[in-house]
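The values are calculated or read from the model by the stated rules, or taken from the named source; none is laboratory data. Being a predicted model, the structure only gives us computed values, none of them experimental. Here the Cβ is made from the backbone with ideal geometry for all residues, glycine too, and neighbour counts use every protein chain on show.
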Amino acid sequence: MSKEPVAVVGVGQTKHVAARRDVSIAGLVREAARRALDDAELSWADIDAVVIGKAPDFFEGVMMPELYLADALGAVGKPMLRVHTAGSVGGSTALVAANLVAARVHGTVLTLAFEKQSESNAMWGLSLPIPFQQPLLAGAGGFFAPHVRAYMRRTGAPDTVGSLVAYKDRRNALKNPYAHLHEHDITLEKVQASPMLWDPIRYSETCPSSDGACAMVLTDRAGAARAPRPPAWMHGGAMRSEPTLFAGKDAVSPQAGKDCAADVYRQAGIADPRRDIDAVEMYVPFSWYEPMWLENLGFADEGEGWKLTEAGVTELDGDLPVNMSGGVLSTNPIGASGMIRFAEAALQVRGLAGEHQVEGARRVLGHAYGGGSQFFSMWLVGSQPPAS
Amino acid sequence: MPQVLKAPLAVEFPFTRSLGPVQSAFLTGLRERVLLGVKTVDGRVLVPPVEYDPVTADEIRDLVEVAGTGTVTTWAWNHEPRRGQPLDTPFAWVLVRLDGADTALLHALDVPGPDAVRTGMRVRVRWAEERTGAITDIACFEPYDGEPEQPAGHSGEFEDAITGIVAAARLDYTYSPGRAQSAYIHALSDRRMVGERCPSCRKVYVPPRGACPTCGVATSEQVEVGPRGTVTTFCIVNIKAKNLDIEVPYVYAHIALDGADLALHARIGGIPYDQVRMGLRVEPVWTDGSRFPDHYRPTGEVDAEYDTYKELL
């Protein structure tokens, strides 16, 4: 028996900011969930199950927060699942929800991911003082910066490519009312003059720390037929993982990322991603990850990703727009960041992305990764139902 | 076999909580000796209050004052109070349904022993002397045989309401790095770096993990590596990290020790930060009283060719 086609009929998110001091965690997730239901014109009673994700519990210090969020998400008396795969969790949460629909376990599922980073300090949560271990000397940016240098060495990319990505994403964010950073006076010169934090990564090439939530309503063919607005159809979805550090790990272009993309393309019948995919919303917490992922995801040959960025191909009006929403560089509630990527892909193929809409986007890839390039999750959504 | 190491690990952080409207009213109420519940769509009063109706999922904001007297619905005796609990002498954990509420609140009951507790007994709030807007503003409950108190019908609106609290959390663990890492750490005290080789793929892991993450098999063959190695990649850190007494800028590098099949991470010294490069040959610098090398410094050898370390970034 074939799988049930999965449609996204509702998308909702909060206005992402540094600190939402006016709401509890319950109030925050509620806001995104309510907006997703409103988009789908559904009520709590129409939801069969809730699948929720967030990054480590130490980020807020509430152990298993999903238990106390059941009331806020209308999940009392229904199945509720929590997913955790570090920074990629927003993507894998959506895929777990999608699989419940595809397997015909449930007809309509609410999926949601969040982080309220202002309640703690993510850097602290990621660097607990484990006895007998040498403390990490550099912080999150310092963990990734050596990989960026390795990419530059391997490809010969000019130093300026990272700043081009940051300048583009911050300008895209100005078109997205939900984005955290709205730097109206951004210029390329300002990005290039921003302080060098972890050389080769500058301040303006790093992501912010945000409070925010993102939700989607996923449903089956019958649910999509009742939807008031055009659905996004899932054409492929996959997850892969590998250890953070192992002998032979390619941190610049991890095998798990390549395998994950290949699986998605096979499901979706994508022969040439560069030609067959109209836009990409990918997880870029540090600007240089755009050219790195362009190669890892098969949009460019190895060593060639930076040339797409440099040529303006990934601009909003380019041939392959990347991070139309402003990306993780403009908004980063860690647990929600993966789902925001997936949701942006859905908005694009639904034609509902507003000012950052890519004209005629029919097939868009949403991508997330997490840990030390350890977990990957991706989906490809289209404006038309998948050919069965 | 050398002794497997163990050490305490305390995970401690002062988390902040944005309360939202309902918890804000509840905790501000405690500060003012007012107990508030919230009315659900079907008319029940929940204490402590929640923001969303557990049955209908509606947003609920109708705050109702309840009494400081109530009835124990169930209990358990706590023989040995732990740090941070409401009382430092043995007490009963009780669920108390306050007069006017339909649900019960968890708190402590101050009685001399378990014989003095029973389900159905009447109790009353004992307020803390100093109240800040926290659940600890209720010091505990105490036995009570008077008339039910009559709530004054407070609206739940306060001047100077609390909107956030700090909730300090602490978890105490006993941490053990296990057999393989213990052996590695013991060897470090002789200033030797000893890894383990995978019997299947032959890769040498330093520090060793006791198993190969690629092959999924146990490792036991010990291999001494280094002490010299090659900087495979690095970054220059320009921001001072909390709790780290290192002057910036400094270089944080991946170093492939000779004989190891993946890089470890360490600081480079003994050379201006802007002269560090990929391929630089380095050796450890040990200081007395420190388990790990303080940093690595150049050996003076010619740089390694890129092809010799490009798989070890």
Working only within the range B:34-84, note down all residues that are in contact with a Lys or Arg (Cβ under 9 Å, 6 or more places away or on another chain), more than 14 Å from every other protein chain (Cβ to nearest Cβ), of a type in the set (A, V, I, L, M) and not in a loop (DSSP other than H, G, I, E, B).
-> B:V45, B:L63, B:V64, B:V72
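Take the residues in the range A:1-59 that are among the basic types (K, R) and buried (at least 21 other Cβ atoms within 10 Å of the Cβ); name whichever of them is farthest from the other protein chains (Cβ to nearest Cβ).
Residue satisfying both the conditions and the ranking: A:K54.
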If B:L262 satisfies every condition in (1) facing chain A (nearest Cβ under 10 Å); (2) closer than 19 Å to A:Q134 by Cα; (3) outside any loop (DSSP other than H, G, I, E, B) but one, which is the exception?
-> (3)
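Looking only at residues in the range A:161-203 that are small (G, A, S) and buried (at least 23 other Cβ atoms within 10 Å of the Cβ), which one is nearest to the other protein chains (Cβ to nearest Cβ)?
A:G162
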For A:F144, work out the one condition from (1) aromatic (F, W, Y); (2) at pLDDT 95 or above; (3) not in a loop (DSSP other than H, G, I, E, B) it doesn't fulfil.
-> (2)
Looking at the range B:1-26, which of the residues that are over 22 Å from A:F59 (Cα atoms) and among the aliphatic types (A, V, I, L, M) is nearest to the other protein chains (Cβ to nearest Cβ)?
-> B:A7
Restricting the range A:119-141 to residues that are more than 7 Å from every other protein chain (Cβ to nearest Cβ) and outside any loop (DSSP other than H, G, I, E, B), the residue that is farthest from A:Y203 (Cα to Cα) = A:G125
When A:L73 is run through (1) modelled with pLDDT of 95 or more; (2) surrounded by 19 or more Cβ atoms within 10 Å (Cβ to Cβ); (3) out of contact with any Lys or Arg (no Cβ under 9 Å at 6 or more places or on another chain); (4) not aromatic (F, W, Y), the failure sits at (3)
Every residue from the range A:231-246 that is in contact with a strand residue (DSSP E or B) (Cβ under 9 Å, 6 or more places away or on another chain) and either under 22 Å from A:T93 (Cβ atoms) or at pLDDT 95 or above (or both) | A:P231, A:A232, A:W233, A:M234, A:H235, A:G236, A:G237, A:A238, A:M239, A:R240, A:S241, A:E242
Qualifying residue in the range B:6-18 (condition: acidic (D, E) and surrounded by 17 or more Cβ atoms within 10 Å (Cβ to Cβ)) | no
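I'd like to verify a number: residues in the range B:154-167 that are within 24 Å of B:V11 (Cβ to Cβ), more than 9 Å from chain A (Cβ to nearest Cβ) and either among the small types (G, A, S) or touching a helix residue (DSSP H, G or I) at 6+ places or on another chain (Cβ under 9 Å) (or both), how many?
At the first step, the residues of the range B:154-167 found to be within 24 Å of B:V11 (Cβ to Cβ) are B:164-167.
From what is left, the residues that are more than 9 Å from chain A (Cβ to nearest Cβ) are B:165-166.
Filter once more, keeping what is either among the small types (G, A, S) or touching a helix residue (DSSP H, G or I) at 6+ places or on another chain (Cβ under 9 Å) (or both): B:165.
Count: 1.
Just need a number here: residues in the range B:154-179 that are in a loop (DSSP other than H, G, I, E, B) and more than 18 Å from the chain's Cα centre (by Cα). Explain how you work it out, then say what you get.
Here is the first cut: in the range B:154-179, the residues in a loop (DSSP other than H, G, I, E, B) are B:154-163, B:176-177.
Checking which are more than 18 Å from the chain's Cα centre (by Cα) leaves us with B:154-163, B:177.
Residues in the range B:154-179 being in a loop (DSSP other than H, G, I, E, B) and more than 18 Å from the chain's Cα centre (by Cα): 11 in total.
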